[in-house]
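Comments concern the structure below.
The values are calculated or read from the model by the stated rules, or taken from the named source; none is laboratory data. None of these values were measured; they are calculated from a predicted model. When we count neighbours, we look across all protein chains shown, and the Cβ atoms used for this are built from the backbone with ideal geometry, even at glycine.
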Amino acid sequence: MMSTAIPTLKAKYQSDIVPALKEKFQYKSVMEVPKLEKICLNQGLGQAVADKKVLEAALADMSIIAGQQAVSSMSKKDISNFKLRKGMPIGARVTLRGDKMYEFLERLVAVALPRVRDFRGISPKGFDGMGNYNLGITEQIIFPEIDIEKVNKILGMDITFVTSAKTNEEGLALLKEFGMPFKK
């Protein structure tokens, strides 16, 4: 049987963030308030062409971090200089929606980002013009779920926050309300 507990950030979104953003941007309806639609995690693994164990380890790590099964992404074309053939696995990715998305965001903000060495906040320059935010992480070991002794290669990952915001300003306000530590 599934638990019916609502993630704290989801409850916070409904009770605090929606009214705050509605007032700040003068929305007429609560349906206009931007929301977080999905979080995409992605790792590009160029080394996976030569060593299949890198891909297996990355898929396992990403599945543990995300809390759901990661899939490998395949190359789209042949590139002879990189010994790459079309259809070879060269990355790992996972898309989070719903409760798992809010739980991951909460772990990222509260636990993982503060564990980054010399952390002074994340750059507010990662927006794409339509309210979506991209964040690059250099080490997967900032997540507490990863056992550092079992990691044989430290890999980075890209995290994309897809929102329903129309502008960067709205997207920034939404992610700030969720507690993302942006630089001033």
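Things worth noting here:
- Yes/no for residue 100 being at pLDDT 90 or above, touching a Leu at 6+ places or on another chain (Cβ under 8 Å) and under 20 Å from residue 161 (Cα atoms): no
- Considering residues of segment 35-70 that are surrounded by fewer than 16 Cβ atoms within 10 Å (Cβ to Cβ) and of a type in the set (Gly, Ala, Ser) only, the residue nearest to residue 177 (Cα to Cα): 67
- Residues in segment 116-142 that are modelled with pLDDT under 85, touching a helix residue (DSSP H, G or I) at 6+ places or on another chain (Cβ under 8 Å) and assigned to a loop (DSSP other than H, G, I, E, B) were compared, and the one that is surrounded by the fewest Cβ atoms within 10 Å (Cβ to Cβ) is 119.
- Options 100, 184, 153; residue that is of a type in the set (D, E, K, R) and closer than 22 Å to residue 35 by Cα: 100
- Pairs where the first residue, in segment 125-140, is without any contact (Cβ under 8 Å) to a residue 60 or more places away in the chain and the second is assigned to a loop (DSSP other than H, G, I, E, B), C-beta under 6 Å, 6+ apart: 133/126; 134/126; 135/126; 137/156; 138/156; 139/154
- Any hit, segment 159-179, residues being closer than 24 Å to residue 61 by Cβ and loosely packed, with under 14 Cβ neighbours inside 10 Å: no
- Residues of segment 143-184 satisfying the condition of being under 30 Å from residue 24 (Cα atoms) and assigned to a loop (DSSP other than H, G, I, E, B): 164, 165, 166, 167, 178, 179, 180, 181, 183, 184
- Residues that are at pLDDT below 80 and at positive phi within segment 40-84 comprise just one, 83.
- Residue in segment 105-112 that is within 13 Å of the chain's Cα centre (by Cα), under 19 Å from residue 179 (Cβ atoms) and not hydrophobic (A, V, I, L, M, F, W, C) present: yes
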